[in-house]
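The values are calculated or read from the model by the stated rules, or taken from the named source; none is laboratory data. None of these values were measured; they are calculated from a predicted model. Positions of Cβ are backbone-derived with ideal geometry, glycine not excepted, and every protein chain shown enters the neighbour counts. What goes into the accessible areas is simple: the full protein's heavy atoms, side chains included, and nothing from ligands, DNA or RNA. Shrake-Rupley method; radii C 1.70, N 1.55, O 1.52, S 1.80 Å.
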Amino acid sequence: MGLLSLGTPLPWDQSREYNEHIRENGISQLLEMFKASFHRLNDTYLWGDEVEYIILDFNNEAKTAKVSVDKDYILEDLNENGVFYGKVLDNNVNFHPEYGRFMIEATPNKPYDGESLKDYLYVEENMVRRRIIANETLKGTHKLLTITTYPLLGVRDFTSPSSKPNGKASQSLFLPDETINRHVRFPTLTANIRERRGEKVAINVPLYQDKNTPKFDDSIPRRSLFNHDDEPFLGAAKPNHIYMDSMGFGMGSSCLQITVQAPSIARARYLYDSWANFTPIFLSLTSASPIFKGFLADQDVRWNVISMSVDDRTPFERDVKPLKEGNEFGGLKDKQGVKKIAKSRYDSIDAYLGDIQNYDEFLTNGNDAKYGYFNEFLNDINPCLNSKVYDRLTKFQTNNGEKYFDTPLAKHFAHLFIRDPLVIFNERIQLDNTTSTDHFENIQSTNWQTLRFKPPTQKAIPSNKDTPGWRVEFRSMEIQITDFENAAFSIFITLLGDAILNNNYNFYIPISKIEENMKKAHKRDSTINEKFHFKKDVNDKLNYETTELSVDEIINGSGSFIGLIEIVKIHLKSKFNIELSPSGEYSRFYYYFQLISKRASGEILTTAKYIRNFVQSHKDYNYDSKVDETINYDLLKKLETVTELSDKKALVEFFDEEIGEYLFNNKFNEFVV
Ligand code: ADP
Ligand code: MG
Ligand code: MG
Ligand code: MG
Ligand code: MG
Ligand code: MG
C-alpha cells in the first residue's frame, strides 16, 4: 500500500495549502529519479506477485464467519523484531499492511528471476509458505482466505469482535472505523477523500434481479449522527443498486498484482502498452466477486467498486449536481483552477506510454521521437492534464542537454499529477529531492490504475543492480481461492510479458477500445458471454484493425489468432526448451495452463460463477438476492476446504475432474516452515 511514514497527518483543511508544493517537488523528485536511472540497460527480468488475504473468524457453533478486526498485531509478529521474523526470512516471504484491519498482504521477500525456470516452479511454494506462516500466527478460530470480497462486509454484526458503524473517519452507515487499518494514514485517507469530495463516496452496484429482489437496497438505516447521513435518501443511493458509502467497501477487497522489471525504460514502456490490452481480459477471467454487502450483484468483479470507493472528485469535477445545494465544489470551496475530470483516481489507464525506438537520438540530437508500433492516434481518450507539469517535463533538459520526456511520456505523468495529495505528514513536507521520493509517491501511489509504470529511485544508477530498475505492474486481477490458481495467473502474466518482450508482437488497439473492454469485463458472466475488442493480426506491424473475440478465443485461439496460451507455450519452448505435459518435471505448468484454458472456455466456472451458484442453490436462499449469515458461513467453509485442498469432492466441484483430482493427489501445501 504505498508509503507508510510515521508522523502527524494533516486534515484536509490544513493539507490543502501544500498540494502544489507536493506536486512541484514530486516532479522535481521524478526528474532526479530519471537523471539517476535513465540509462539503465539490460536489467534482468525480475518479478514478483502480491497476494492479499482476508482474516476470518469462524464460529462453528453459531455458524458464523466474521472478519477479524483484532488480529492485526500479527503484522508486528511477522515484521522485523517480531517473533516470527526468523521464519519470514528463512522462507523468503514478506508481509505488508493493507487498508483493512482484517487484511494483510504478502509477497516474496526477494523477487523471482524470470530467466530461471526453477523460480517459476517455486512461485506456488512461496505462496503456500506465506499462507502457512500467517495462519500459524493466527491460530484458534481464525483463518486467512484469499477471497476478493467478504460477502457480508457492512452487514449487521459482521466483525469479530463486534463493533458499530459510528466512526468519524468514514462516517459510514455500515462500516465501523474499526475495520480500517490502525495506522493514522488510513483513517486520514478515508476522511480526506470525503472532505475533498464534499460528500461521502457513493458506490452503486447493479443488484442482481431475482424473483423476490427488492427494488431498492433495503439495508440503509435512517440515522442522524453525521451531516452526511441523509445522502442516500437525497439521490446518492440508486434504485436497483446495492448502495455502499465508504472507502473500505472497495479498498477492503483483495487482488492479485504482478510487478516485473524490464531491461530498460524503453522496453518498460513497450511492455506497459502491450499489457494494457490484457487488463480487462484477465479481470474477466479472474472474476471472483459476485456479492457485495450481503447482496448478489449483477456483476462479477470488484474493479468499479474500488473505483467509486475512493472517488475524491467534487460534484463539479464529476459533472453532476451536488446532493445538497451550494456544494458543487465540495472541499475545494470555489471554482478557481478547477476542471472537469472524467474518471476516479482508481480507474483504468487512459493513455499508452509509446514504444519509443530512438531514445538515444531523441535524447542527444533532439530528433523527433520515433515509435515502433505506437502512433498518437491510438491515444484517443484525451485525458485531463496538469499543463504546468506537462510543460515542465517537455521543456526539461539535463546539464548535458538530454531531454527525457517525449509527448506521451510527459502526458502520462501530467495526467497522474492532476490529483491532489490525499495525506500529507506534517513532519515530511520539506524534503531533499535528490534522495526522497515521498512527494512523487504521494501522487503516484494514489493513482490506482490498471497498470502502474514504476520508475526507479535516485539510487538506481545504471551500475547499481541491487536497486530495482524500470518496472511495470499489472493490477487488474482478482485474487483466487487457491495458491495453485494465484500461481497460475501470476506465472502466466509474467511469461506473457516476457514472450511479448522477446517476440515484439503488436497488441496495440485504440485505447478507447480497451476502455470499452473494461466495461464489458464488468458484465455478469463476461468471460463466457462477451466479445472483446482485440488486435486482428498481432504479427502485422502496420495495421491496427481490430476484431471482436471471446475470452476463449483470446486465450485458446481462434481462426485468426493463435491464442495467448500458444504464444506462451512457444515462448517456453524457445526460452527453456520445455513442452507441457501432464507428467514429468514440469507437469505443474501443464495444469496451470489447463486451468486458464478451461476457465476461458467455460469448462471450469469462474470463481464468481461458482460462488453465485453456491448461493442460489443454497437451501436458505429466498430468491431475493440476499446472502445471510448461514449461507455466508457455509460458502466460506466450503472455500476453506478448497483452499486447503483437503476434500476431493469439493475440489472436483470447484475445478473439474482433471484438475480437482490432480490437486488432491499432488498437494503442495504441507511444507514445514
Ligand atoms: P507495491 O505495493 O508498491 O506494488 P510491493 O513491494 O508490495 O509494491 O510489491 C511489489 C512486488 O515487486 C513484490 O512481489 C516484489 O517481490 C517485486 N519486486 C521487488 N523488486 C523487484 C524488481 N527489481 N523487479 C521486479 N519486481 C520486483
Ligand atoms: Mg496491496
Ligand atoms: Mg504491495
Ligand atoms: Mg502497494
Ligand atoms: Mg468471534
Ligand atoms: Mg502493488
- Over the chain, the quotient of the Cα radius of gyration and 2.2 N^0.38 Å is 0.92
- Sparse-neighbour loop sites [GluC sites (Glu not before Pro); the stretch 480-571; at most 12 other C-beta within 10 Å; DSSP]: Glu545
- Largest to smallest accessible area among Thr64, Thr446 [probe 1.4 Å]: Thr64, Thr446
- Item | Surface accessible to a 1.4 Å probe, per residue, for the residues of the chain, Å² | 36 Å²
- Two decimals is fine: what is log10 I(q)/I(0) at q = 0.13, 0.18, 0.19, 0.20 Å⁻¹ for the stretch 467-601, from a Debye sum with one equal scatterer on every Cα and no solvent? -0.61, -1.20, -1.33, -1.45
- Message: Can you tell me the length gained on complete extension of the stretch Leu225 to Asp319, counting 0.36 nm per residue apart and subtracting the Cα distance?
- Response: 31.0 nm
- Task: When you have a sec, figure out the Kirkwood radius of the stretch 265-378 from all distinct Cα pair distances and drop it here in Å to one decimal?
- Result: 17.9 Å
- Message: For the stretch 523-628, report the % of Cα-Cα distances exceeding 18 Å.
- Response: 62 percent
- Task: List, largest first, the extents of the alpha carbons of the stretch 110-213 along their principal axes, each in whole Å.
- Result: 51, 42, 32
- Item | Residue-span extension gain [Ser445 to Lys619] - 0.36 nm each, minus C-alpha spacing | 58.2 nm
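Could you state the orientation-averaged shadow area of the convex hull built on the Cα atoms of the stretch 329-431, in nm² to one decimal?
Over every viewing direction, the Cα hull of the stretch 329-431 projects on average to 9.0 nm².
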- Task: Enter the accessible area of Arg318 (Å², nearest 10), with the probe set to 1.4 Å and all protein chains included.
- Result: 50 Å²
- Normalised per residue, the volume of the convex hull around the Cα set of the stretch 578-673 (Å³): 120 Å³
- Say a paramagnetic label sat at a point 7 Å from the Cα of Glu566, along Cα to Cβ; which residues of the stretch 514-539 have their backbone N under 19 Å from it? 532-539
- Full-extension gain in nm, Asp334 to Asn375, via 0.36 nm per residue minus C-alpha separation: 10.9 nm
- Message: Based on Cα coordinates alone, diagonalise the gyration tensor for the stretch 159-308, multiply each eigenvalue by 5, take square roots, and list the semi-axes in whole Å, largest first.
- Response: 32, 21, 14
- Surface share of carbon and sulfur [accessible, 1.4 angstrom probe, percent] for the chain: 47 percent
- For the stretch 1-76, listing chymotrypsin sites (Phe, Trp or Tyr not before Pro) in a DSSP loop whose Cβ sees at most 16 other Cβ atoms within 10 Å gives Tyr73
- Message: What is the distance in Å between the Cα centroid of the stretch 229-262 and that of the stretch 426-445?
- Response: 28 Å
- Query: By accessible area of protein heavy atoms, probe 1.4 Å, what ranking do Arg182, Arg588 get, highest first?
  - Reply: Arg182, Arg588
- Item | Computed accessible area, Thr457, all protein chains, 1.4 angstrom probe, square angstrom | 50 Å²
- Item | Built amide H within the under 5 Å cut-off of Phe295, gap 5+ | Val627
- Please give the direction-averaged projected area of the C-alpha convex hull for the stretch 32-139, in square nanometres with one decimal. 9.4 nm²
- With label points built 7 Å along Cα→Cβ from the Cα atoms of Lys139 and Tyr590, find their separation and express it in nm. 4.3 nm
